[in-house]
Amino acid sequence: MEARAKHSYIATSPRKMRLVIDLIRGKSVDQAIEILHFNTKHASKDAEKVLRSAISNLYNKDEDTKLTPADLIVKEAFVNQGPALKRISPAPMGRAFRVRKRSNHLTIVVATKS
């Protein structure tokens, strides 16, 4: 049994989010929540929210069996690039530099260990 949660248009760059997601891929759910909760990176707050949503989706999907976070693993976790907002920053001598504010889409899949 598995369930997924997706959060789109997160306002951090995909590269920064991948640093956090690589820490939890393949770990048990209770260990992954602990890693994300005590991580100092800003992206870990969004990742923890999506992980908790995936766990909740699995509980709602299979209400008959009694599952605990120790019985679950993070089966898949990946980050895709979202759209980039293009802004202009003033530069010397009347020029303008382009600033790309990147976003990402985060997907986490949790499953039972068996």
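Bear in mind these aren't lab numbers, they're just calculated from the coordinates by the rules spelled out. Note that the coordinates shown come from a computational prediction; the quantities given were computed from them, not determined experimentally. Counting neighbours? That spans all protein chains shown, and the Cβs are built from the backbone with ideal geometry, glycine included.
Remarks
- Potential lengthening of the chain between K16 and I88 amounts to 23.7 nm, from the contour at 0.36 nm per residue minus the alpha-carbon distance.
- Against the main long axis of the alpha-carbon atoms of the chain, helix 14-24 sits at an angle near 20°.
- Taking a straight line from the alpha carbon of K27, these lysines sit under 29 Å away, with near neighbours fewer than eight places off in the same chain left out: K6, K16, K41, K45, K49, K61, K66, K75, K113.
- Summarising the label geometry, the points placed 7 Å from Cα in the beta-carbon direction at R52 and R98 lie 3.8 nm from one another.
- Largest GNM mean-square fluctuation across P69, P90, P14, computed for the chain with C-alpha springs under 10 Å, falls on P90.
- For V74, net neighbour charge (Lys/Arg +1, Asp/Glu -1) across residues whose Cβ lies under 13 Å away: -1
- Prolate/oblate/rounded label for the chain (Cα gyration tensor, a/c 1.5): prolate
- For the stretch 44-87: rounded, prolate or oblate by the Cα gyration tensor [a/c cutoff 1.5]: prolate
- For the stretch 81-114, the set of trypsin sites (Lys or Arg not before Pro) satisfying both a DSSP loop assignment and a count of at most 14 other C-beta atoms within 10 Å is given as R95, K113.
- Under the Karplus curve 6.51 cos²θ - 1.76 cosθ + 1.60, θ = phi - 60°, whole-Hz ³J(HN,Hα) for the stretch 51-56, x wherever Gly or Pro sits: 5, 5, 5, 5, 5, 5
- In order along the stretch 74-81, the Karplus-derived 3J(HN,Hα) couplings, from 6.51 cos²θ - 1.76 cosθ + 1.60 at θ = phi - 60°, round to 7, 6, 9, 8, 9, 10, 10, 6 Hz, and Gly and Pro are given as x.
- Highest average packing first - 31-41, 56-66, Cβ atoms within 10 Å: 31-41, 56-66
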